[in-house]
Each structure stands twice: as C-alpha cells, then as structure tokens.
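Chemist: Here's a structure for you.
The values are calculated or read from the model by the stated rules, or taken from the named source; none is laboratory data. Values in this document were obtained by computation on a predicted structure and should not be read as measured data. When we count neighbours, we look across all protein chains shown, and the Cβ atoms used for this are built from the backbone with ideal geometry, even at glycine.
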Amino acid sequence: MEDAAPQTIHLSDYTPPAYLVDKVELTFRLDPERTRVLSRIAFRPNPESREREFFLHGEGLELISSRIDGAEVTPDLVEGGLTCEVPDAPFTWEAEVEIAPVRNTALEGLYMSSGMYCTQCEAEGFRKITYYPDRPDVMAVFSVRIEGDMPVLLSNGNPVSSGDGFAEWHDPWPKPAYLFALVAGDLVDHPGHFTTRSGREVALNIWVRPGDEDKCAFAMEALKKSMTWDEDVYGREYDLDIFNIVAVDDFNMGAMENKGLNIFNSSCVLASPETSTDANFERIEAIIAHEYFHNWTGNRITCRDWFQLCLKEGLTVYRDSQFTADMRSAPVKRISDVIALRARQFREDNGPLAHPVRPESFVEINNFYTATVYEKGAEVIGMLKRLVGDADYARALDLYFERHDGQACTIEDWLAVFEEVTGRDLSQFKRWYSQAGTPRLKVTENFKDGEYTLEFEQKTPPTPGQDQKLPQVIPIAVGLLGPNGDEVVPTTVLEMTEARQSFSFSGLAAEPVPSILRDFSAPVILERETDNAERAFLLAHDTDPFNKWEAGRALAREGLCEMIVAGAPPDAAYLDAVQAMARDDALDPAFRALALGLPSQDDMAQTLHERGHTPDPQAIWEALETLRQARAQHCQDLAARLHAQYQVTEPYRPDAQQTGARALANAALGLISRLDGGAAAQRQFDTATNMTQQLYALSCLLQAGKGEDAVARFYDQWRHDRLVIDKWFMMQVLHAEPAEAAATTERLTRHSDFDMKNPNRFRATLGALAANPAGFHHASGAGYRLLADWLIRLDPVNPQTTARMCSAFETWKRYDDSRQALVAAELDRVLSTPALSRDTTEMLSRIRG
Ligand code: 0A1
Ligand code: ZN
C-alpha cells in the first residue's frame, strides 16, 4: 500500500493503545528473497482505553494468511497496516507474512549486510517484519524461533534450544517491538564473561565476520568496564544470562541497544592500533557503554511514545559521558563534549531545524534522532543534577528505577521523581524540554565598596513555530579571581530564574575577574564585554579547566573575527598566550592539544552570523590558514620540542595518558608541517606504527599539498580493510582545497570502492564534503550541486541516511544572496523529485522554510 500525503503526528494526540500484548511468538524461515515470518500474538483489550478498533502496523509485507483464535480471517489492508474485527475479550492473532531481506536497502526491518541477516527496528522498523502494534508503549514477552542454514542464529534474551538449522530464544523481560533483534550469519565469536555483583554469571560475546576476530578485545574490555561502572555508580545490574554484540558493515546509525543483542555499526566496535585512531578507540568505548547503559535507561524503562525519546537518549548520553569522564579525564571529556555540542546542537538550535528537546510534532520520527534530543537532552540532565546536588540526584534515580521498572514513561514521570525527592517545583525547569533555541545570557558587572555584582539577562531567540520564549532556569557556576590570579571566591552555582537577575558577592578587597559558566554549567551563549588582556589572564590563572580552555578559545575567535572583518594581522596576544600554555609541561598534554585546536570554519561562520556579518566561507578558510601559519612560525622551536618529547615509546595503549601524548605530538607535527614542506609528516607517515600517527601524518601531507604518494601508498596498504578505506575517502575530501573539493569528491564517487549503499562509505565521501565548509560553500555552487545529485540518487535506496545528510544545508540562510539562490535552486530541485521519501521531504521542507 503506497503512502498518501505524509501525516504530521502530534504529542497532544497521544492515546493509549486499544489492545495490549501479553506474549509474542515468532518463527522466521530465513531466505534472502522470501523470508517467512509466522507470528502468534496474545492480545487483550486495554482496560485504560475505550478505543476498540484493532489496528496493526505493517509496511511492505505480503500477507499470506491470518487467523484469530484459530479461525481464518480476512483483515482490511489499510494505509500503514491492517484492521480486523476481533472479539471483545482476549484472543490470539496469528499471521504469516513474506518479506525480502536482500532487497531491503533502507536498512530498516530485516535486511542483509555482507551475507548476514540482521535487523534494525528502532524506531518503526518492526512493522516491516510483521503486523504488530509497533509503538513503544506496547510491551510484551517475546519467544523467537529462527530457521535457516546459517551457523549462528541469534535473537533477544536467553537461548532455549538449538540444533541443525534452527535456534530458539526467549526474552523474559517485556519489551516494545523496537527492541526486537535477529541476526543470522557466518560469524565468529570473541567470548568473555562477567559475574554480576549478586552472582549472576553472564556469557559475553562479540560476533564478527571471520577475519575481524582480532579487533574485538578492546570492545570486550569496554563492555566489562561498563557493566562494573553501572553497578558501582547507578546500582544497576545486568539481567540476562547472555549479552551479545554483533558488528555489521551496513548500518544507518552508530549502534542499537536491542535487548541482550546489541547491533553495532562495525566502525563502532572493531578496533586495533594499526587500523583505528585513538579517537576511534575512545568513541568505541563510549558507544559500547551507551548501548549497555540503555539496558536500564531505555529497555527496562522505556518511552511511552517517540516524543519522549530524550527520556532514554538524553539520560543515556549523560550516563555515558559520566562513564568516559570517570575512565579518562573529566575536563578533557567536558571540553570535547562542549565542542561537539556547539558544532552540532547550537547549529541546529539556531537554524531552521530547531526543535525542543521533547518535540511536539513530527512527520518522520527517524528525523528526530538529533543533537538536540541526544546532546541537549544530556545537558538538561547535567543541569538538573547541578541544581539538586549529587545526593538528591542519586536518590531520584533510585526512585525512578524502583517506581518505573517495566513501564513506558514520559518526561513528566521523570521530573516527578525529582520533585518528590527534593520537594522542588520543576515546572519552570521543564521549559528546557519544551522551548527550542539556545538562550543568550548577557552579563554586566559592577564593583563598589567591596561588593561585586553580576547582572544577567536571558533571552532566547524565536525558533520555527515558537515566537515567544519564557525565562528558563539557568544554573550559572561562577568563581572569582583576585588581581594576582588567586581564586577569591570558589565555584558557586547561581540559580537564575528571572529574565533579568543580579547576584552579589561582598567583602572583596579588589575588583575581581569573574570566571562565569564554569564547566559549561548550562547550554547557553554567554555574551559579555571583555578584552583580550582578561582572556589571557583567565587562560593563565583560571582553576576551572573548562573556562581556562574557553578563554584560549575566545582569544582565538576574537583574533579571527578581526582578521576576517577588519583585515587585521594575527593577534599577538593570542600567539603569546597559546605558546605559554602549550609550553607548560605541568598541564595535561591532552588539554594542551585541545587548547592548540582552533575554532572550526563552521564555528566562525556561526559567530560572524551572530554578530550581524555575512560569513564568507573563503575568507574564513584563508584567515584560519593565515593564523595557522603565524602560529607555526611563532611556536617553531616549541613545536619541534613537543613533537620529540611526546613520542610514545611504550607499546600502544589507547588510554587517556598515551592518547594525550599522541594528540600533543600530532598537534606539534601540524605546526611543523606548515614550515618544512611536509618533511616531518612524511617521516612520521613512513615509520608510523599505529593509525593515530599514520592518519595524522597523511592529513598533514594533504594539507601541505604533498599527499599524492602517501594517498596511493595508504590505499595499497589498506585496500582490504573497509573501515580504513573509509578514512582514505574522508581525508581526501576534508583536505581538498576549496576550489577542488567538489571535483575531488566527484572523482572519488567514481572510484570502484565507492558504494552508495554502504552508509559509512557514503558519509565518508559526501558527508566529508559537507564537513569541508569552504569547499561545500564554494561560490561556484559545485558543492551544493554535487550533494543534491547524490541526495536524489540515494533517496530511493536509503531514505534515512539521505535525510540525515540534508542537514548539510541547514545553515544556508547565513550566507550571501548569491549562495542562497544557488542553495534554494538545489533544494527545490531535490524537493521536486518524484516519489521523494517522507524522510527527505520533511527535512528539506523544514530547511527550505
Ligand atoms: N537508539 C540507538 C540509536 C539508533 C536510533 C535509531 C536507529 O534507527 C532509526 C538506529 C539506532 C542509540 O541511541 O544508540
Ligand atoms: Zn541511545
């Protein structure tokens, strides 16, 4: 049945399900072209609902037969599913359907990847497997039988029995259909074991394609650390006898938390020093933890409806960031998270795709797995914890798990446990969930007779569908420094609730320097009149690592603005300050590497736009190049010293200490390569013993225009490794000069290894073009045209990945008239494509405005 006009779904229209499910039994007879799915489902009328229509979701299914209580029935096939007359009492529904996994290129439902069967059911993929009430508030116990001539047959829960060509699984924990999973293939196992603190013995397995088994050890250790951490910090134990992880090559997202059977994009699980960078290792550790933590925040307690997505995602991101902070360096994690938040979430929140952490309507839910739901959702939890304190946060979580285990919940349920534990009224705090847009926090200060006053004013700009914003609760962590750099007032959390509000500190001997929004205590844009002398002072003296880094970042940003807007030369204050910081061996190398980073091109475009300028992508790129060159000259001796001093001589470990040292040595190599024509980078490339060194050297060589030989050698060395070849595609596009970027990308799409059906490869190529702003926004419009061509090509194959890629265009209204006209024409061209998917249509219509 084909879709009619796409419907908008509203949170306010929620009604409970008409029927509940007690038990689901599924049998799969696997076949690439004709998989048979037999379902036997025990339904009963929901006493909480007066609705009596029996509707089951279903998409792309061929219905072979159906029965109610054993008697054949003929349901009405309707848009998106079927309806049927049913008894007014509990009954058993049985159906047999046929699907074709091998033709499923959208990678939702049951599909094939590199010869194996796998599933992706979140958010609404189960309806592509069989007819079912595919909504998260219908939770049921599943038993699954898989028949197929594959050596490994996996599903959720615990194994029941298996034999030649079949396996049976039973999951005792009621779950919504989006957590269903099935995997069948020729897989090998990297086994492990964990004993929970109450003594449950859990078999752990990471299943991969033969040949990848030597790349699982790191993920296995990360899994064990996650299991221990969740017991220690949240008191949460694992609840089955087995925990399986499977790596698949074709996957739209990073990974999926299916109950007892997590499915991972192979890029988020496979790791070895030779093929993975330190950043890859860190990401794998975080994603393993994230999916594992979902077992409680997402699976045992799930979402009532998809508007509540942040209930599981914001909380689980918050939990995985706490985990990473504990395993590695908390300041480095915080700074990295804020860099990512500003790059992705602030960009989203200040453009046409802005939406609340809990959206109020959607056309396609897959379009709402966003930085706002995930990352801002996590920030909101961090603010809540800061406001109520660690002890009450822990008590509220205990109550949440105790009260809501086995339920499908809402943000109201979540906030209620905090209100109950703390006695606070969180109705104003709740605006963080309903108001979109990044609040601007303006600060002015006054010092008189030993009293220092900070006056704050908050304003959130209008966002699509929300013109007026009310004041939000903003926790502002502040410390004060005396003129000699000593901290005279340690970190205090000011709780701002009004549109305008003042806070005073008395008994001060001299006018202090404020360190505001320490640890980035709220996701806001701070606006304060200050100067470079004060920024340099904070960079030197602030005891808060986040604000120390932030001061350096602000110095760089201001200097770049002057260069771009007024043609100023690189700022000497910045060059001196960054050198002093980089030279300071008492500071963590990872922190120094971060502080040597510069604002991205997109950051600068965002900043200039905020300040009323029309950003010129070419001018931004040139200013960054000039500043990098000036820094290289300014820090020439230091760079050579750091590159030598921070070489790691011990055997490779992807831990925080070695990662920090390699990051600083690589940052130094970046400086050196600006002056030596790539000689040092070539040496590092030739002698590298790990991917962190090799890939960084490659990027320096590309940057220096000396990459040709290294690019060819890299390909020859790694042509057999899909994940490394993704890096090869990406590097060439990311480092292409602005005028060349579209042509380079286009050339790579003609390479025999380019495969648009593989989301990783598509992102490594076309996604990298969008991540090369000067190239993508080149005045010729070639970047826009190329991306639009590929959106049109990919959409019928994989709407979800196409739709995600559309966000490349979300900033188009920042730019000049000529670029806007070019983008508008491309957006219209894609939008007018016949049979464009609901996913892509929604994204582009919102972006077009
Ligand atoms: N829940 C997963 C991410 C995920 C979301 C949607 C997907 O398909 C639309 C797939 C995976 C997580 O948060 O890790
Ligand atoms: Zn998640």
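Chemist: With (1) within 11 Å of ligand 1 (Cβ to nearest atom); (2) among the small types (G, A, S); (3) over 13 Å from the mean Cα position of the chain (by Cα) as the list, and S276 as the residue in question, which single condition is left unmet?
Modeler: That leaves (1) as the condition not met.
Chemist: For the structure I just gave you, tell me whether D753 is free of Cβ contacts under 8 Å to residues at least 40 places away in the same chain and over 25 Å from the mean Cα position of the chain (by Cα).
Modeler: Yes: the conditions hold for D753.
Chemist: Within segment 253-282, count every residue that is in a loop (DSSP other than H, G, I, E, B) and crowded, with 22+ Cβ neighbours inside 10 Å.
Modeler: So the count comes out to 9.
Chemist: Would it be correct to say that T228 is of a type outside the set (A, V, I, L, M), away from ligand 2 (no atom under 16 Å from the Cβ) and without any contact (Cβ under 8 Å) to a residue 40 or more places away in the chain?
Modeler: yes
Chemist: Under the condition of being among the aliphatic types (A, V, I, L, M) and surrounded by fewer than 22 Cβ atoms within 10 Å (Cβ to Cβ), which residue from segment 787-806 is nearest to E348 (Cα to Cα)?
Modeler: Looking at the filtered set, the residue picked out is I792.
Chemist: Oh, and also: Would you confirm whether or not segment 225-243 contains a residue that is under 19 Å from S276 (Cβ atoms), surrounded by fewer than 20 Cβ atoms within 10 Å (Cβ to Cβ) and away from ligand 1 (no atom under 16 Å from the Cβ)? Walk me through it before giving the result.
Modeler: Narrowing segment 225-243 to residues under 19 Å from S276 (Cβ atoms): 225-226.
This time we only want the ones that are surrounded by fewer than 20 Cβ atoms within 10 Å (Cβ to Cβ), so: 225.
Cutting the leftovers down to away from ligand 1 (no atom under 16 Å from the Cβ) gives us 225.
Among the residues of segment 225-243, at least one is under 19 Å from S276 (Cβ atoms), surrounded by fewer than 20 Cβ atoms within 10 Å (Cβ to Cβ) and away from ligand 1 (no atom under 16 Å from the Cβ), which makes the answer yes.
Chemist: Something else now. Run down G567, G559, G507 and say which single residue is of a type outside the set (V, I, T), touching a Phe, Trp or Tyr at 6+ places or on another chain (Cβ under 7 Å) and more than 28 Å from Q428 (Cβ to Cβ).
Modeler: When all the criteria are applied, what remains is G559.
Chemist: Limited to segment 152-176, what total is found for residues that are over 14 Å from D239 (Cβ atoms) and basic (K, R)? Spell out the reasoning first.
Modeler: Step one: list which residues in segment 152-176 are over 14 Å from D239 (Cβ atoms), which gives 152-155, 159-169, 176.
Subset that is basic (K, R): none.
Number satisfying all stated conditions: 0.
Chemist: Considering only residues that are touching a Cys at 6+ places or on another chain (Cβ under 9 Å) and more than 12 Å from ligand 1 (Cβ to nearest atom), look in segment 284-310 and name the one that is nearest to K215 (Cα to Cα).
Modeler: Selected residue: I284.
Chemist: Restricting attention to segment 550-574, and to residues there that are under 21 Å from S521 (Cβ atoms) and touching a Pro at 6+ places or on another chain (Cβ under 8 Å), which single residue is surrounded by the most Cβ atoms within 10 Å (Cβ to Cβ)?
Modeler: Per the stated criteria, the residue is R553.
Chemist: For the condition in a strand (DSSP E or B), touching a residue at least 12 places away in the same chain (Cβ under 8 Å), at negative phi and surrounded by fewer than 16 Cβ atoms within 10 Å (Cβ to Cβ), what is the one hit in P172, P210, P159?
Modeler: It is P172.
Quick grid of which residues meet (1) in a helix (DSSP H, G or I); (2) within 24 Å of the chain's Cα centre (by Cα):
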| position | (1), (2) |
| --- | --- |
| S515 | no, no |
| E558 | yes, no |
| M563 | yes, no |
| L575 | yes, no |
| G597 | no, yes |
| D602 | yes, yes |
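Chemist: Looking only at segment 610-633, which residues are surrounded by fewer than 19 Cβ atoms within 10 Å (Cβ to Cβ) and either touching a residue at least 24 places away in the same chain (Cβ under 8 Å) or in a loop (DSSP other than H, G, I, E, B) (or both)?
Modeler: E610, R611, G612, H613, T614, Q618, A619, T626, R628, Q629, A632, Q633
Chemist: Could you tell me whether T302 is within 18 Å of A394 (Cα to Cα), of a type in the set (V, I, T) and modelled with pLDDT of 95 or more?
Modeler: So T302 fails the test.
Chemist: Is it true that A95 is away from ligand 2 (no atom under 16 Å from the Cβ), surrounded by 22 or more Cβ atoms within 10 Å (Cβ to Cβ), of a type outside the set (S, T, Y) and more than 24 Å from the chain's Cα centre (by Cα)? Can you show your working first?
Modeler: Numbers: away from ligand 2 (no atom under 16 Å from the Cβ): yes; surrounded by 22 or more Cβ atoms within 10 Å (Cβ to Cβ): yes; of a type outside the set (S, T, Y): yes; more than 24 Å from the chain's Cα centre (by Cα): yes.
So A95 passes the test.
Chemist: In segment 412-460, which residues are out of contact with any strand residue (DSSP E or B) (no Cβ under 6 Å at 6 or more places or on another chain), at positive phi and of a type in the set (G, A, S)? Step through it out loud before you land on a result.
Modeler: Looking only at segment 412-460, we keep the residues that are out of contact with any strand residue (DSSP E or B) (no Cβ under 6 Å at 6 or more places or on another chain), and these are 412-435, 447-450, 460.
Narrowing further to those that are at positive phi: 423, 449-450.
Answer for segment 412-460, where residues must be out of contact with any strand residue (DSSP E or B) (no Cβ under 6 Å at 6 or more places or on another chain), at positive phi and of a type in the set (G, A, S): G423, G450.
Chemist: Residue by residue through segment 543-564, note down the ones that are of a type in the set (D, E, K, R) and in contact with a Lys or Arg (Cβ under 8 Å, 6 or more places away or on another chain).
Modeler: Those that are of a type in the set (D, E, K, R) and in contact with a Lys or Arg (Cβ under 8 Å, 6 or more places away or on another chain): D544, E558.
Chemist: Determine, yes or no, whether E25 is of a type in the set (D, E) and surrounded by 21 or more Cβ atoms within 10 Å (Cβ to Cβ).
Modeler: no
Chemist: Check segment 383-397 and report whether any residue there is within 16 Å of ligand 1 (Cβ to nearest atom) and either assigned to a helix (DSSP H, G or I) or of a type in the set (A, V, I, L, M, F, W, C) (or both). Walk me through how you get there before you give the answer.
Modeler: Filtering segment 383-397 down to residues within 16 Å of ligand 1 (Cβ to nearest atom) leaves none.
The answer is no, given that none of the residues of segment 383-397 is within 16 Å of ligand 1 (Cβ to nearest atom) and either assigned to a helix (DSSP H, G or I) or of a type in the set (A, V, I, L, M, F, W, C) (or both).
Chemist: Name the single residue, out of those in segment 323-340 being within 16 Å of ligand 2 (Cβ to nearest atom) and surrounded by 21 or more Cβ atoms within 10 Å (Cβ to Cβ), that is nearest to Y400 (Cα to Cα).
Modeler: F323
Chemist: List, please: which pairs have Cβ atoms under 6 Å, are six or more places apart or on different chains, and start with a residue in segment 305-317 that is within 23 Å of D230 (Cα to Cα) and part of a helix (DSSP H, G or I) and end with one that is more than 11 Å from ligand 1 (Cβ to nearest atom) and basic (K, R)?
Modeler: C310/R358
Chemist: Among A89, A71, A5, which is the only one that is loosely packed, with under 12 Cβ neighbours inside 10 Å and modelled with pLDDT under 95? Spell out how you get there, then give the answer.
Modeler: Values: A89 fails: modelled with pLDDT under 95; A71 fails: modelled with pLDDT under 95.
The match here is A5.
Chemist: Among the residues of segment 261-283, is any out of contact with any Asp or Glu (no Cβ under 6 Å at 6 or more places or on another chain), closer than 30 Å to S845 by Cβ, touching a residue at least 60 places away in the same chain (Cβ under 8 Å) and within 16 Å of ligand 2 (Cβ to nearest atom)?
Modeler: Checked against the condition, which is being out of contact with any Asp or Glu (no Cβ under 6 Å at 6 or more places or on another chain), closer than 30 Å to S845 by Cβ, touching a residue at least 60 places away in the same chain (Cβ under 8 Å) and within 16 Å of ligand 2 (Cβ to nearest atom), segment 261-283 yields at least one hit.
Chemist: Looking only at segment 764-773, decide whether some residue is crowded, with 23+ Cβ neighbours inside 10 Å and not in a helix (DSSP H, G or I).
Modeler: Checked against the condition, which is being crowded, with 23+ Cβ neighbours inside 10 Å and not in a helix (DSSP H, G or I), segment 764-773 yields at least one hit.
Chemist: Is it the case, given these coordinates, that T324 is within 16 Å of ligand 1 (Cβ to nearest atom), in a helix (DSSP H, G or I), among the hydroxyl-bearing types (S, T, Y) and over 19 Å from T460 (Cβ atoms)?
Modeler: Considered against the rule, which asks whether it is within 16 Å of ligand 1 (Cβ to nearest atom), in a helix (DSSP H, G or I), among the hydroxyl-bearing types (S, T, Y) and over 19 Å from T460 (Cβ atoms), T324 comes out as yes.
Chemist: Just the residues that are over 16 Å from the mean Cα position of the chain (by Cα) and either closer than 24 Å to T105 by Cβ or away from ligand 2 (no atom under 16 Å from the Cβ) (or both), please, taken from segment 246-259. Don't jump to the end; show me each part of the working.
Modeler: Filtering segment 246-259 down to residues over 16 Å from the mean Cα position of the chain (by Cα) leaves 246-250, 258-259.
Passing the criteria: V246, A247, V248, D249, D250, N258.
One line per residue, one yes/no per condition, for (1) more than 26 Å from T491 (Cβ to Cβ); (2) over 25 Å from the mean Cα position of the chain (by Cα); (3) surrounded by fewer than 21 Cβ atoms within 10 Å (Cβ to Cβ); (4) in contact (Cβ under 8 Å) with a residue 60 or more places away in the chain:
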{"residue": "K376", "(1), (2), (3), (4)": "no, no, no, yes"}
{"residue": "V380", "(1), (2), (3), (4)": "no, no, no, yes"}
{"residue": "L384", "(1), (2), (3), (4)": "no, no, no, no"}
{"residue": "D392", "(1), (2), (3), (4)": "no, yes, yes, no"}
{"residue": "R395", "(1), (2), (3), (4)": "no, yes, yes, no"}
{"residue": "D398", "(1), (2), (3), (4)": "yes, yes, yes, yes"}
{"residue": "H404", "(1), (2), (3), (4)": "yes, yes, yes, yes"}
{"residue": "E420", "(1), (2), (3), (4)": "yes, yes, yes, no"}
